[in-house]
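First comes the structure, then the notes that go with it.
The values are calculated or read from the model by the stated rules, or taken from the named source; none is laboratory data. As the structure is a computational prediction, the values presented were derived from the model and not from experiment. For neighbour counting, all protein chains shown are included, and Cβ atoms are generated from backbone atoms with ideal geometry for every residue, glycine included.
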């Protein structure tokens, strides 16, 4: 009987050792599969990361362009509004100056042109006329003092009568 037990035990030890070897091989394969998956994920992760960076740059460019377009549009509107306001202000100032009788730029330019024409005519006339000596300056007479008028005194006021 002992012999049977020993044989049985040896068979079971053989089976246990075979089972443990199988488990060890399976564990080793699982470990290697895990390492392979990690390496693959790392490679793919870098690719995915690079793709995300490229997409982010693309979105940033398009967003920046849209923002710049909006800024340009708003600046154009603001400039147009400012120009209108400036024109309204200039028109009101011009009307106010006109109502006060202040000459316009065109009026001053026309007068300057006319003065130049008259100056040219005077010079032309002066060239043709003989030079005449200037007469001596007359002494300026001092105004005479006004005759003093006698001062009249005001009539004395009547004293009011006392009541009886």
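You will find that of 69, 106, the residue that is assigned to a helix (DSSP H, G or I), exposed (fewer than 10 other Cβ atoms within 10 Å of the Cβ) and modelled with pLDDT of 85 or more is 106 and no other. The condition (being surrounded by fewer than 10 Cβ atoms within 10 Å (Cβ to Cβ), modelled with pLDDT under 85 and either part of a helix (DSSP H, G or I) or at positive phi (or both)) is satisfied by just one residue among 3, 11: 3.
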